[in-house]
Amino acid sequence: MPAQSILLIEDELKIARFLELELKYEGYTVEQAHDGRSGLQKALENNFDLIILDVMLPALNGMEVLRRLRQTSGVPVIMLTAKDEVMDKVMGLDIGADDYVTKPFAIEELLARIRVALKRKNNVTAVNPSILKIDELTVDLEKHTVSFNNEYVELTKREFDLLKYLIENKNIVLSREKILETVWGYDYLGDTNVVDVYIRYLRSKIDDKYNKKLIHTVRGVGYVLRNGNN
Ligand code: CA
């Protein structure tokens, strides 16, 4: 397997240098950015396996970098937050961070989180591409079936199409408009509330039924399918 690449967006040069050395020692290739704007640009222009993103950054803060990145990319992101940034933690997970590590942290902890995030990512892409998984939920695109923990979940065609769109873009926040265009089509003339209605149907058949939070509402934006208990 070729070396996995990590983009490190961190403005504190001492920390960045230290992390780069440690990550390289572990066999990763590392690229650095020292402000949010150039970090976002690098993230969008390259295909990194993982991104380590500091929250407090000049030019564009980490939250904003993540928010913009998630409009088009599902790359695993681990955020670095300071001890008192509890709000940021919650917000970060809300807008699609995979994990976070609180500063000051032990390097072993960060390395462990990186391994978990990369493993999760590889599990998703390496298996049969017609079978998409998140947590215990499995969507088989070929057979048009959905199961949770091997238990068959019965969905209508529209519910299936919506879930398919969500899981194909997992960890990416999708606006109501985008969902409407993709699942219902450009020429749909009915009420846009239909998206919320069908999200509710899916939740009752999956999240509520199995007591799991997979479909998350991002207030003022839309919805995201994400692994997480928060
Ligand atoms: Ca910083």
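Round to the nearest 10 and report in Å² the accessible area of ASP191, as given by a 1.4 Å probe over the protein chains' heavy atoms.
Here the accessible area works out near 90 Å².
Rounded to the nearest whole Å², what accessible area per residue is found for the chain with the 1.4 Å probe?
On a per-residue basis, 53 Å².
If you count, for each residue, the other Cβ atoms within 10 Å and average over each peptide, how do 65-72, 155-162, 41-48 line up from highest to lowest?
Highest to lowest by the protection proxy: 65-72, 155-162, 41-48.
If each DSSP helix of 4+ residues adds -39,500 (n - 2.57) and the sum is divided by the residues in the chain, what number results at 222 nm, nearest 500 deg cm²/dmol?
-12000 deg cm²/dmol
Of the peptides 73-79, 144-150, how do they stack up when ordered by the mean number of other Cβ atoms within 10 Å, highest first?
Going from most to least packed, we get 73-79, 144-150.
Which of the three applies to the stretch 133-184, rounded, prolate or oblate, going by the alpha-carbon gyration tensor with a ≥ b ≥ c and a/c under 1.5 meaning rounded?
Oblate is the answer for the stretch 133-184, as a/c is 1.5 or above yet b/c matches or exceeds a/b.
Across the stretch 5-123, how large is the tail of the calculated P(r) beyond 17 Å, expressed as a percent of all Cα pairs?
Result: 49 percent of Cα pairs exceed 17 Å.
Kindly state, to the nearest 0.05, the FRET efficiency for LYS143 paired with TYR201, given R0 = 22 Å and r defined as their beta-carbon distance.
Taking R0 as 22 Å, the efficiency between LYS143 and TYR201 is 0.60.
Which of ILE107, ILE172, ILE215 moves the most in a Gaussian network model of the chain with Cα springs under 10 Å?
The residue that fluctuates most here is ILE107.
Go through LYS103/LYS133; LYS42/LYS205; LYS24/LYS103; LYS103/LYS205; LYS14/LYS178 and tell me which ones have a Cα-Cα distance over 30 Å in this structure.
Table pairs above 30 Å Cα-Cα are LYS103/LYS133; LYS42/LYS205; LYS103/LYS205; LYS14/LYS178.
Springs between alpha-carbon pairs under 10 angstrom, Gaussian network model over the chain: which of GLY36, GLY96, GLY190 fluctuates most?
Judging by the Gaussian network model, the answer is GLY190.
With both partners inside the chain, how many of the DSSP beta bridges are antiparallel, as a percent to the nearest 5?
In the chain, approximately 50 percent of DSSP beta bridges are antiparallel ones.
Name the residues whose placed amide hydrogens come within less than 5 Å of the amide hydrogen of GLN32, ignoring near sequence neighbours (fewer than 5 apart) on the same chain.
LEU8
The values are calculated or read from the model by the stated rules, or taken from the named source; none is laboratory data. Since the model is a prediction, treat every value here as computed from it, not as a measurement. Using ideal geometry, Cβ is built from the backbone for each residue, glycine included, and neighbour counts are taken over all protein chains shown. Side chains are part of the model used for accessible areas, which takes the heavy atoms of the whole protein and leaves out ligands, DNA and RNA. Shrake-Rupley method; radii C 1.70, N 1.55, O 1.52, S 1.80 Å.
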